[in-house]
Amino acid sequence: MNPSLSLRSTSSFSPPLAPAPPSLSASRLPSHVCLSKWKRSVGRSDLVVRNALSGREHKADGSPSSPNNIFSLEAIGAEYGEGFETFRMDGPLKVDVDYLNNKLQQCFLQRIRHAMKPDEAFGLIFSWDNVVADSHSLKMAAWRQLASEEGKELPNSEHMQRNMLRLSADHVLAKVLFWSREETEIERLKSRLSELYYENLQNLDVPVKGLKEWLDAVYTAGIPCAVVSCLDRRYMVDALDRMGLKKYFQSIVTEEDGMESIAHRFLSAAVKLDRKPSKCVVFEDDPRGITAAHNCTMMAVALIGAHPAYELVQADLAVAKYSELSVINLRRLFGPKETKFMDLQKKIMDKSPPKRKLRVDTI
């Protein structure tokens with residue numbers, strides 16, 4: 001990959017919005033910053049980041065030959081503002097949350113445009129799992145097919161099935177289902193599980209209920225959107241095309257972008273949308289994703305369903321379905337916070353001088 005490639009070059013498509021913002025380029029960022037070269041911050045140099053455009057090996061049917069992060073527990077990332085580290089000729093360059101909030105400031109023309117159309121100043125980032133598509137059904141179908149092929153039985157307990165969806169495949173195979181403890185056998189089962197997921201993904205053509213209507217409203221308001229996932233890019237684009245959602249997303253972040261955590265994907269999406277992280281809203285259904293969004297100084301809207309409402313209390317806004325949302329909700333997220341009942345308040349002390357005591361002089 002050419003190291004001089006701009007930050008938004010990894011986006012596979014960029015359909016124009018109506019109306020399109022005047023400038024969504026990366027001219028305000030240094031041209032030598034490259035997503036494919038980003039690594040974790042100091043102390044993580046032993047981790048190798050995959051090149052964003054170096055294609056992974058695929059089988060004859062086009063599915064990835066090695067398992068990815070679909071059935072793994074990803075790191076939250078961006079703790080204490082942690083970001084990426086890229087290298088240039090004159091030394092390393094730290095690209096973290098504060099750096100992006102500073103570099104992605106609005107230019108003069110954008111400030112005028114956003115003053116007239118304030119909604120366009122925001123950027124919306126949608127997580128793939130259970131926010132854009134019903135990934136829980138796809139994962140459970142893959143587990144059932146794998147159990148059928150291996151001659152095993154899956155537990156009918158709702159608690160056990162919830163653990164199968166939330167925990168990593170290594171942990172589930174070894175300590176939940178007790179199918180095997182050998183590393184080679186676990187890797188084989190994980191690879192087959194990933195293949196079954198991608199096979200089921202090719203039949204997906206229906207998004208989450210109410211999402212298309214919400215994206216229509218956002219598209220009309222001119223708010224740029226991005227979708228993030230650990231899926232293979234080709235499968236992601238095909239799935240969005242089948243669901244009729246491709247035109248709504250200006251950029252996507254997938255496995256090929258080489259991001260190492262959930263927060264890193266959110267930061268990558270903010271860069272591609274040309275919106276500073278503090279002006280982005282993340283749509284998530286997982287408490288870990290909400291934490292990652294807050295670590296990136298982003299707002300978080302939680303979709304109740306895969307997790308109950310009491311597990312999503314840290315979100316800035318929680319809804320049961322997209323029909324409960326309106327564009328005005330986005331403005332309120334960034335508006336002044338109202339005082340809540342029982343919040344600690346500063347008591348105003350009386351600074352007036354004490355009254356003089358009257359004295360009666362006697363002769």
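Quick rundown of the values:
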read-out: Additional length obtainable on full extension of the chain from Glu150 to Leu333, 0.36 nm per residue less Cα span; value: 61.0 nm
read-out: Nearest-0.05 FRET efficiency for Asp238 and Asn163, computed from C-beta distance (R0 41 Å); value: 0.85
read-out: Convex hull of the stretch 167-259 built on C-alpha atoms - directionally averaged projected area, nm²; value: 7.5
read-out: Segments 212-219, 150-157 sorted - mean Cβ within 10 Å per residue, highest first; value: 212-219, 150-157
read-out: Percentage relative contact order, the stretch 118-184, counting C-alpha pairs under 8 Å, at least six apart; value: 16
read-out: Most to least accessible of Met160, Met116, Met89 (protein chains only, probe 1.4 Å); value: Met89, Met116, Met160
read-out: Proximal charge balance of Leu312 [Cβ under 13 Å; K/R count +1, D/E count -1]; value: -4
read-out: Largest-first principal axis extents of the Cα set of the stretch 193-319 (Å); value: 35, 32, 31
read-out: Summed residue charge, Cβ within 9 Å of Ala300's Cβ, Lys/Arg positive, Asp/Glu negative; value: -2
read-out: Chymotrypsin sites (Phe, Trp or Tyr not before Pro) within the stretch 150-199: DSSP coil, no more than 12 neighbouring Cβ in 10 Å; value: Phe178
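The values are calculated or read from the model by the stated rules, or taken from the named source; none is laboratory data. All values derive from a computational prediction rather than experimental measurement. Cβ: placed from backbone, ideal geometry, glycine included. Neighbour counts: every protein chain shown. In case anyone asks, the SASA skips ligands and DNA or RNA and just uses the protein heavy atoms, side chains included. Shrake-Rupley method; radii C 1.70, N 1.55, O 1.52, S 1.80 Å.
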